[in-house]
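Participant: Questions regarding the structure given below will be posed in turn.
The values are calculated or read from the model by the stated rules, or taken from the named source; none is laboratory data. Quick caveat: nothing in here was measured; it's all calculated off a predicted structure. Don't worry about glycine lacking a Cβ; one is built from the backbone with ideal geometry, like all the others, and counts go over all protein chains shown. All accessible areas refer to the heavy atoms of the entire protein, side chains included, with ligands and DNA or RNA removed. Shrake-Rupley method; radii C 1.70, N 1.55, O 1.52, S 1.80 Å.
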Amino acid sequence: MFAKISIAALVVTAPFVLWKTSSVADPPAAPVVSVQSPALNSAPTPPLDAPAATPPEPLLVATNQQDQESAPTEVAEAGATISGRIFKSPTGEPVVGQKVKLLDMSLLGESLDSAVVGETESKAGTGIYLFSLYPPGRYAVVMDIPKGWYLVAHSTSGQLFEMVEVLPSENQYVVDVELTQATATLTGTLLIGGKPAPDTSFDLSPFRSRCDEEDSPCVTDSAGRFRVDAIPPFEGDLQASIDHEDGSSRVSFLVPVWLAPNATSDVAFDFSWGTTSIEGGVYRQVDGKLKPLTGRWEVIYSRLEPDPETGVPTGNMESVRGETDADGTFLIESLKPGRISLTIYPSSGGSAKHRATFDIAAGVRYVKDFILGESAIKATVLNKPPTTRDFFLTLYQGNIDPFPVTPENVISTLLHFENIQIAMANGDRFEGLMPGTYTVIAASWPCPANAASARAMGEEFFYTFGVARAVVNITGYKQTVNVTLDNFRFVPRP
């Protein structure tokens, strides 16, 4: 694939039924369609009561305005100085007493606390914090954002996490923190199968920090309504997710929204409910025989919907993420008909992802098995473009070529290839392959790898997005093929 564009939900434990609720009747028994497919990507064929607005936490503001200069410029004698000023926008008033931590990333373990090498507070009168005498290395300045405020530079983040690379040749680094009050409000309805879901807790992406608060506003009332105050201005897609007592989790359809300052926006998060199910397993073909893989495998279901601009199905809509049983089998229930994708990869890592895309009909029980071989492809990439910001190695069935493309169809081409890719590399390797013809594609992105960033970059993206490809024929069951990708192609400039 060119990039990971789709959005998945939280991991759930197995065995799992990825949707069960007492408020909706269980679907009737469905016909079973069994498909034993030797290829990785072959498809089966089926016969509030609104609470009062919460004010932001008060920020301590310095009363001495004459010292509102930038961070100190003194140079430490034996090590680097990392400092900055914390202030309110748009007034520029310094914020005092704000706790700030410094992390040494070389010490990072299972928690951020394992890497803390310094703690301080912004000072009275200036709002300045200061860490002194630190040797060369990779550090991070970390600060929790007070409730009701947000970072001007990263409005959706509930925490400042700014990386600082301390070099032997430099001894002064400045990380200023600009905060402003969050005044937008989001109201709406949570729908399950088109019906309001009362008394239901949910997570809100990309504002998960608001739902993690002790007195979380991310819960519906008896009418299925909710209200979340103190949200930063935001233009983009919102998404809700729900966890259930049986361990299942589901993600709603994306909802485009514009959250304006001092305004209220109303949305509906829809969790669909259908009568289709998919079961299957993960197997390896060894010496012509199928053996179940008993390790845990992540299983990601994504319902594909047409992109509003291109009409190409994308995975940015409803999705479910679960895990296989210990014997390598899985079951996903209560799905709606349409174009879907199913992706697997080991929970422990160490192998490529594998994907299948196909259509499902209402009221049918599908059997979809993933058959993995013992062959592999090792890819070496040379002459990576200097404009590379993100980079991906992906695999496709058959001999395919994304070119020719034009500025007008680049985005639709990206979305199309996102839907048909069958594996993502583990490092520089694609594993678990059966005999056949494959195409390896190396994609160089000049921006963060998603369609929204590509559109935001404008015309320049079309001329700096590069692709190299290699066609590989695997003829045996225990074969490793080495390929080199070094000839990156671009849309030609006019």
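Participant: Heavy atoms only, 1.4 Å probe, whole protein assembly: order 119, 459 by accessible area, highest first.
Facilitator: Working: 119 135, 459 115 Å².
The ranking, largest first, comes out as 119, 459.
Participant: Please work out the average accessible area per residue across region 375-494, using the 1.4 Å probe convention, and give it in Å². Write out the running numbers ahead of the final one.
Facilitator: Working: 5170 Å² over 120 residues.
For region 375-494, the per-residue accessible area is 43 Å².
Participant: Starting at the first residue of region 102-109, write each ³J(HN,Hα) from the Karplus equation 6.51 cos²θ - 1.76 cosθ + 1.60 with θ = phi - 60°, in whole Hz, x for Gly and Pro.
Facilitator: For region 102-109, the Karplus-derived couplings read 10, 10, 8, 5, 6, 9, 5, x Hz, x marking Gly and Pro.
Participant: Can you give the charge dipole size of region 110-222 about its Cα centre, rounded to the nearest 20 debye, using +1 on the beta carbon of Lys and Arg and -1 on the beta carbon of Asp and Glu?
Facilitator: Values: 6 positive and 17 negative charges, 61 e Å.
That gives a dipole near 300 debye.
Participant: How much length, in nm to one decimal, is gained on full extension between residue 437 and residue 359, taken as 0.36 nm per residue of separation minus their Cα-Cα distance? Before the final figure, lay out each step's value.
Facilitator: Details: separation 78, 0.36 × 78 = 28.08 nm, distance 2.36 nm.
Contour length minus the Cα-Cα distance gives 25.7 nm.
Participant: Net charge within 10 Å of residue 329 by Cβ-Cβ distance, Lys/Arg positive one each and Asp/Glu negative one each, not counting residue 329 itself? Walk me through the numbers before you get to the answer.
Facilitator: On the way: positive: none; negative: 279, 325, 327, 369.
Taking every other residue near residue 329 into account, the sum is -4.
Participant: Tabulate in residue order the Karplus-calculated ³J(HN,Hα) for region 459-469, using 6.51 cos²θ - 1.76 cosθ + 1.60 with θ = phi - 60°, rounded to whole Hz; enter x for Gly and Pro.
Facilitator: Each residue of region 459-469 in turn: 4, 5, 4, 4, 9, 10, 7, x, 9, 10, 9 Hz.
Participant: Using Cα centres only, tell me the gap between region 249-264 and region 183-231 in whole Å.
Facilitator: The distance from the Cα centre of region 249-264 to that of region 183-231 comes to 10 Å.
Participant: Going by the alpha-carbon gyration tensor, a ≥ b ≥ c the square roots of its eigenvalues, is region 131-204 rounded (a/c under 1.5) or, if a/c is not under 1.5, prolate (a/b greater than b/c) versus oblate? Mind dumping the intermediate values first?
Facilitator: Working: a/c = 4.62, a/b = 2.87, b/c = 1.61.
Since a/c reaches 1.5 and a/b is larger than b/c, the shape of region 131-204 is classed as prolate.
Participant: Quote the FRET efficiency, to the nearest 0.05, computed for residue 339 versus residue 133 with a Förster distance R0 of 56 Å and r equal to the Cβ-Cβ distance. It would help to have the intermediate numbers written out before the result.
Facilitator: Values: r = 59 Å, r/R0 = 1.05.
Here the calculated transfer efficiency is 0.45.
Participant: Taking a ≥ b ≥ c as the square roots of the eigenvalues of the Cα gyration tensor of region 358-494, is the shape rounded (a/c under 1.5), prolate (a/b larger than b/c) or oblate?
Facilitator: Oblate, since a/c reaches 1.5 and b/c is not below a/b.
Participant: Still on this structure, please answer the following. Using a Förster radius of 51 Å, what is the FRET efficiency between residue 400 and residue 176 based on their Cβ-Cβ separation? Nearest 0.05, please.
Facilitator: On the way: r = 48 Å, r/R0 = 0.94.
FRET efficiency, residue 400 to residue 176: 0.60.
Participant: Heavy atoms only, probe 1.4 angstrom, no DNA, RNA or ligands counted: give me 251, 152 ranked by accessible area, highest first. Walk me through the numbers on the way to the answer.
Facilitator: Working: 251 5, 152 65 Å².
Largest accessible area first, the residues go 152, 251.
Participant: Suppose each label sits 7 Å from its Cα in the direction of the beta carbon; what would the residue 99-residue 429 distance come out to in nanometres?
Facilitator: 4.4 nm
Participant: How long is the gain from residue 489 to residue 221 if the chain were fully straight, where each residue apart is worth 0.36 nm and the alpha carbon distance is subtracted? Don't skip to the end; give the middle numbers.
Facilitator: Working: separation 268, 0.36 × 268 = 96.48 nm, distance 5.44 nm.
Contour length minus the Cα-Cα distance gives 91.0 nm.
Participant: How far apart, in nanometres, would the label points at residue 390 and residue 161 be if each is projected 7 angstrom from Cα along the Cα-to-Cβ direction?
Facilitator: It is 1.7 nm.
Participant: Could you tell me how far the Cα centroid of region 78-148 sits from the Cα centroid of region 419-494, in Å?
Facilitator: With region 419-494 and region 78-148 each reduced to a Cα centre, they are spaced 40 Å.
Participant: Want the number for residue 89 to residue 420: 0.36 nm per residue separation, take away the alpha-carbon distance, what's left? All intermediate terms of the calculation are to be shown ahead of the outcome.
Facilitator: Values: separation 331, 0.36 × 331 = 119.16 nm, distance 4.60 nm.
Net length gain for the segment: 114.6 nm.
Participant: A further question follows. If a/c stays under 1.5 just call it rounded; otherwise compare a/b with b/c (prolate if a/b is bigger, oblate if not). Do that for region 188-301, with a ≥ b ≥ c from the square roots of the Cα gyration tensor eigenvalues. It would help to have the intermediate numbers written out before the result.
Facilitator: Numbers: a/c = 2.65, a/b = 2.29, b/c = 1.16.
Prolate, because a/c is 1.5 or more and a/b exceeds b/c.
Participant: First measure r as the distance between the Cβ atoms of residue 114 and residue 455, then evaluate 1/(1 + (r/R0)^6) with R0 = 30 Å and state the FRET efficiency to the nearest 0.05.
Facilitator: On the way: r = 39 Å, r/R0 = 1.31.
Step by step, r from the Cβ atoms, then E = 0.15.
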